[in-house]
Amino acid sequence: MSETPPPAGWTNHPLAQLTLVRFREFMREPEVLFWVFIFPILLAAGLGIAFRNRPAEVLKIAVVGPEFASAIRSEKLLDVQQLSEAEARKELREGKVALLAARRPDGSAAYQYDDTNPEGRTARMLADRAIQRAAGRIDPVSSNDQFMREPGSRYIDFLIPGLLGMNLMGSSIWGMGFAIVDARRKKLIRRLVATPMPRHYYLLSFVLSRLVLLVAEVGILLGFAALVFQVPLRGSLLGLAGLCVLGALMFGALGLLIASRAQTVEAASGLMNVVMMPMWILSGVFFSSQRFPDFVQPIIKVLPLTAVIDALRANMLQGANFALLWPQLGILTAWLAVCFALALKLFRWR
Amino acid sequence: MVEAGLKPALRVQNLRKAYKDVVAVDGLDLEVPAGECFGLLGPNGAGKTTTIEICEGLTAADSGEVEVLGLSWRSDGAELRQRLGIQLQETQLSEKLTVHETIRLFRSFFRQGASPAEVIGLVQLEEKRNSRVGALSGGQKQRLALACALVGKPDLLFLDEPTTGLDPQARRQLWELIEEMKKAGTTIVLTTHYMDEAERLCDRVAIMDHGKIIALGTPRELVASIGIEHVVEFAAGSQAHPLEAARLHDIEGVRDIRADNGTVRMQVSELHRAVPALLDELGRQGAPLTELRTHSASLEDVFVALTGRHLRDE
């Protein structure tokens, strides 16, 4: 063997090689590509279509007796089925109709519905109005409706920042956690430590590869949302990019912490689920976290995913700048610092 | 390389390491001169891997001195890492990378060394250059691991059980590669529990058991030290003409006759006299010979003589 001088070119730098390895391992794993790039889009498309704002929904109701049935048919927002008493009750119990309207022998109207269901309450009001008007009631005040349907207040607008936050969390924690624990299980980490490789390069290569992949991940999801659903991007794009980077770094540190000791992939995935599951539910990915009781709100507010999603929504939907987001930024920075410091302290190179 | 010639490549003094309830290394002394191929031979659990990993700076010793290439891990760790080639037991390299990509990664860690193509040629993996690691056979993976250890042109090569789990052909191929390294003058320290591997590759062998060195020397010296030269094993006799084992003692140069399960095992000093005499004796008795094997005493026999156990009993 002849002595070769240190090879030239930045691609022969150990950090470049380690980062390239990260990309190669990522790109050669088709399942991971699906979960990171395709799945969020399918989820957004599915939920966006399922919860799209329909032009004034038509409610199904059951009516017993022909008199009321013809009266209520004048109401366009109700779909009337005339049924026998027994059939009507069955349909109501099974939730196929929102309301059962029946005429009592004395001529009064009897309504049966679930008063905790908004559809039931709406159907009752519409049916009653139709019956009263058919019977000759004249409303004393005339009314006039104007419709406002703007991007920004729809469910898809609420959903996209939530999915983006969830994606940042999932790909950072899984991306780092599994790769590190798998390398530890295969004793590959130990083998690398036996070379002159500077150890911080190993960790840094994960950060670098995550940041590059982040551009693709975020770009694809936001591009899809903006083009297909016209989801607004009202804040500065630079601020949005900054939030995504901070979020990815913070979740990366959390992933590193989770992977710092685990010896098996099973143990690590258990830990990841324990960490991520509460946030999927509590942090307002799919519905507002305000629905949880007041006494848990302070806890929900300091969860890292809540801070990320709140900040993303404020940027995208309200156009908030960094100055308005300082509570969320503070929470994220604190999580980043604590997780990273703990992970470095606990990390096992064997 | 110059200073390595003056000082021993590896010097270990009074090394101790205990895990929770097991003493893995129990007061070990070693000295390996530069250019030697040195073997740690012993059964599983003898403390070989712990010893070699302490020398590699991967495991901390409880007490004792380790000097590698005249340097110490405490003060010269970074320099040592540049000058050592290490192959660990059971490392699984990333299956998604190709052979060339893997070597290139390892090459990037070293200030100087061989080019990836050179090392791939050295371990005869040219045809597999662009294959994924996951698609390699066990022997090819092990040669790749060796290539990763060689890529920094090490002054000292540590190989921990380099052929464990390989089929005989792959083992022989790896032995030839290690012999090439020896010829090129690389100092090698390897562990093994195969006595034939130690006999074939090592200039000197330390036999380890329970964390201690129980014998040290060239394979020839070790074998000579137990005073056995050859072993004759045979099975003979039939219902009509059973073997009269007591008469075998009369054969010249025969010691220690053991009958076990119909097979007789004799230690003899001179094969060329003992075997014809044995055949004559069997002819006199009329006992038919059904099996006959002879082998020269080996390191396995040394281990048996010293511990009463076989190397691979565990």
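Just so you know, all these numbers are worked out from the coordinates, no wet-lab data involved. Everything numeric in this text was worked out from a predicted model, so none of it was measured. So basically every Cβ, Gly included, is an ideal-geometry build from the backbone, and we count neighbours across all protein chains shown.
Semi-axes of the protein assembly as shown's equivalent ellipsoid from the Cα gyration tensor, sqrt of 5 times each eigenvalue, largest first, rounded to whole Å?
Working: eigenvalues 1210, 228, 83 Å².
They are 78, 34, 20 Å, listed largest first.
Could you run the Karplus curve 6.51 cos²θ - 1.76 cosθ + 1.60 with θ = phi - 60° over the range B:26-33 and give me ³J(HN,Hα) per residue in whole Hz, x for Gly and Pro?
Computed from phi, the couplings for the range B:26-33 are 10, x, 9, 10, 8, 9, 10, x Hz.
Rg over Rh of the range A:58-210, using C-alpha atoms and the Kirkwood radius, what does it come to? Can you show the working numbers first?
Numbers: Rg = 30.6 Å, Rh = 21.2 Å.
Rg/Rh for the range A:58-210 comes to 1.45.
Under the definition of Cα pairs under 8 Å and six or more residues apart, what whole-number percent is the relative contact order of the range B:2-223?
On the way: 434 pairs, mean separation 64.6, N = 222.
29 percent.
Could you quote the convex hull projected area for the range A:268-350, Cα atoms only and averaged over all directions, in nm²?
Working: hull surface 28.0 nm².
Averaged projected area of the range A:268-350's Cα convex hull equals 7.0 nm².
Residue farthest toward the positive end of the dipole of chain A, with Cβ of Lys/Arg at +1 and Asp/Glu at -1: which of A:166, A:290, A:342?
Selected residue: A:342.
Stick to Cα atoms and the Kirkwood definition of Rh, then tell me Rg/Rh for the range A:45-132.
Values: Rg = 13.7 Å, Rh = 13.4 Å.
Looking at the range A:45-132, the ratio lands at 1.02.
Provide, in order from the shortest bin, the percent of all Cα-Cα pairs of the range B:247-314 in each 5 Å bin, continuing until the bin that contains the maximum pair distance.
Bin by bin from 0 Å, the calculated values are 3, 14, 22, 26, 16, 10, 6, 2, 0.
Taking neighbour counts of Cβ atoms within 10 Å as a proxy for exposure, in what order, fewest first, do A:61, A:300 appear?
Numbers: A:61 27, A:300 19.
Placing the least packed residue first, the sequence is A:300, A:61.
Taking 8 Å as the Cα distance limit and 6 or more residues as the minimum spacing, I'd like the relative contact order of the range A:15-115 as a percentage.
That works out to 21 percent.
How much length is gained if the chain between residue A:27 and residue A:51 is pulled fully straight, taking 0.36 nm per residue apart and subtracting their Cα-Cα distance, in nm to one decimal? The partial results should precede the final answer.
Working: separation 24, 0.36 × 24 = 8.64 nm, distance 3.34 nm.
Using 0.36 nm per residue and subtracting the Cα-Cα distance, I get 5.3 nm.
In the protein assembly as shown, what % of DSSP beta bridges are antiparallel (nearest 5)?
Percentage antiparallel, nearest 5: 60.
Please state the relative contact order of chain A as a whole percent: Cα pairs under 8 Å, 6+ residues apart?
On the way: 418 pairs, mean separation 66.7, N = 350.
Computed value for chain A: 19 percent relative contact order.
Have a look at the DSSP beta bridges in the range A:59-134 and tell me what percent are antiparallel, nearest 5. Provide the component values of the computation, followed by the final result.
Values: 4 of 13 bridges.
Bridges in the range A:59-134 that DSSP calls antiparallel: roughly 30 percent.
Report, in debye and to the nearest 20, how large the dipole of the range B:36-128 comes out about its Cα centre when Lys and Arg carry +1 and Asp and Glu carry -1 on their Cβ.
Values: 9 positive and 14 negative charges, 55 e Å.
Using Cβ point charges on Lys, Arg, Asp and Glu, the range B:36-128 gives about 260 debye.
In Å, what Kirkwood hydrodynamic radius results for the range B:48-127 from the alpha-carbon pair distances?
Numbers: mean 1/r = 0.0680 Å⁻¹.
One decimal place: 14.7 Å for the Kirkwood radius.
Please report, in debye to the nearest 20, how large the charge dipole of the range B:2-223 is about its Cα centre when each Lys and Arg carries +1 at its beta carbon and each Asp and Glu carries -1 there.
Values: 27 positive and 32 negative charges, 124 e Å.
The calculation lands at about 600 debye.
For residue A:34 paired with residue A:133, estimate the spin-label separation in nm (one decimal), with each label point 7 Å from Cα along the Cα-to-Cβ line.
Here the answer is 5.2 nm between the modelled labels.
Expressed as a fraction of 2.2 N^0.38 Å, the rule-of-thumb size for a compact globular protein of N residues, what is the C-alpha radius of gyration of the range B:140-271?
Numbers: Rg = 20.6 Å, N = 132, 2.2 N^0.38 = 14.1 Å.
In units of the 2.2 N^0.38 Å rule of thumb, it is 1.47.
Where Lys and Arg each count +1 and Asp and Glu each count -1, what net charge lies around residue B:261 among other residues with Cβ under 13 Å from its Cβ?
On the way: positive: B:258, B:265; negative: B:233, B:260, B:291.
Once all neighbours under 13 Å are counted, the net charge is -1.
If you scale each eigenvalue of the Cα gyration tensor by 5 and take the root, what three semi-axes come out for chain A, rounded to whole angstrom and sorted largest first?
Numbers: eigenvalues 651, 87, 66 Å².
Working from the Cα gyration tensor, I get semi-axes of 57, 21, 18 Å.
Hey, could you grab the Kirkwood Rh for the range B:2-223? Inverse mean 1/r over distinct alpha carbon pairs, Å, one decimal. Could you put the intermediate results ahead of the total?
Working: mean 1/r = 0.0565 Å⁻¹.
Computed over Cα pairs of the range B:2-223, the Kirkwood hydrodynamic radius comes out at 17.7 Å.
Filter the trypsin sites (Lys or Arg not before Pro) in the range A:9-97 down to the DSSP loop ones having no more than 10 other Cβ atoms within 10 Å, then list what survives.
Working: sites: A:22, A:24, A:28, A:52, A:60, A:73, A:76, A:89, A:90, A:93, A:96; in loops: A:28, A:52, A:73, A:76, A:96.
Those that pass, being in a loop and sparsely packed, are A:76.
For the protein assembly as shown, build the charge dipole from Cβ charges (+1 Lys, Arg; -1 Asp, Glu) around the Cα centre, then report which of B:253, B:94, B:225 sits farthest towards its positive end.
Toward the positive end, the furthest listed residue is B:94.
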